[in-house]
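The values are calculated or read from the model by the stated rules, or taken from the named source; none is laboratory data. A quick note: this is a predicted structure, and the numbers were derived from the prediction, not measured. What goes into the accessible areas is simple: the full protein's heavy atoms, side chains included, and nothing from ligands, DNA or RNA. Shrake-Rupley method; radii C 1.70, N 1.55, O 1.52, S 1.80 Å.
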Amino acid sequence: MISRLLMLTLMCAHDAGAAGGVSNYTAERTDMVTRQIADRGVRNERVLSALRKVPRHEFVPDSEKPYAYRDSPLPIGEGQTISQPYIVALMSELVRPEKSHRVLEIGTGSGYQAAILAELVEHVYTIEIEADLAQRASAVLRSLGYENITMRTGDGYAGWEQHAPFDIIVVTAAPDHIPQPLIDQLKPGGRMVVPVGPIHATQELRLLEKDAAGKVTAKNVAPVRFVPLRRRDD
Ligand code: SAH
């Protein structure tokens, strides 16, 4: 009798938590990975488990939390967006991340893609042009305990010379051409993924590979829509 009572109390406590909005969205996240990502062909197990682990809802404003696991980008303030989960997964898989890699990301935004990458590699350097967003992302990443992410505010067009070269470069805002400094800061054997194309239109997601001799080849992967890469004096 006592144990049945206890169980009932525990069940009520659990339900009360969920009804009060204190959910960690585990079921939504698992579902997101299966339906939106694995079913669309992303196979890299480390990438899938990073997406199952990182609490995407922590990276969006309170008003967007109920929609955090939807199959779409979401507004994060300052006219910017957190990318659709599938695109984050696709970009992460394309660059073939390894535990020992050092990564440069351009366009920290909410910090979500940086967190996913931080689960997969040794260190992530990330640059955000919008100071308010950088500040918010930095607070979230700190609260979640990420110690292998270094962030700065600025124009990422010029990359981050001080920490170059990088094994991987991930650009999450769209330039109309691939910035030469980023190509220069890619290690031989490295990969860069970048949406390239006209502002406020569909862009092409491009994958660049630099071979051991420094020769760069590129291919188009998919049509995508990203916010534009802005320059400092825009
Ligand atoms: N990776 C982000 C989504 C990025 S949205 C995430 O996971 O949430 C693109 C971001 O790039 C925006 O926050 C925008 O302010 C930023 N951005 C635009 N131009 C930039 C530039 N030149 N340098 C650095 N960041 C830039």
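Report, as a whole number in µm² per second, the diffusion coefficient that Stokes-Einstein gives for the stretch 138-207 at 37 °C and 0.692 mPa s using the Kirkwood radius over alpha carbon pairs. Mind dumping the intermediate values first?
Working: Rh = 13.5 Å.
D, rounded to a whole number, is 242 µm²/s.
Suppose only helical runs count, i.e. DSSP H with n ≥ 4. What mean residue ellipticity at 222 nm does that imply for the chain under -39500 (n - 2.57) per run, divided by all residues and rounded to the nearest 500 deg cm²/dmol?
Result for the chain, helices only: -9000 deg cm²/dmol.
Between 0 and 90 degrees, the angle of helix 131-143 with respect to the longest Cα principal axis of the chain falls at about 50 degrees.
Exceeding 32 Å between C-alpha atoms, which entries from my cross-link table qualify? They are Lys65/Lys99; Lys53/Lys187; Lys53/Lys215. In this structure, Lys53/Lys215 exceed 32 Å between Cα atoms.
For the chain, the solvent-accessible area works out to 50 Å² per residue, with a probe of 1.4 Å and every protein chain left in place.
First compute the accessible area of the stretch 101-234 with a 1.4 Å probe, then give the percent of it belonging to carbon and sulfur atoms. Before the final figure, lay out each step's value.
Values: 2810 of 5790 Å².
Answer for the stretch 101-234 is 49 percent, counting heavy atoms of protein chains only.
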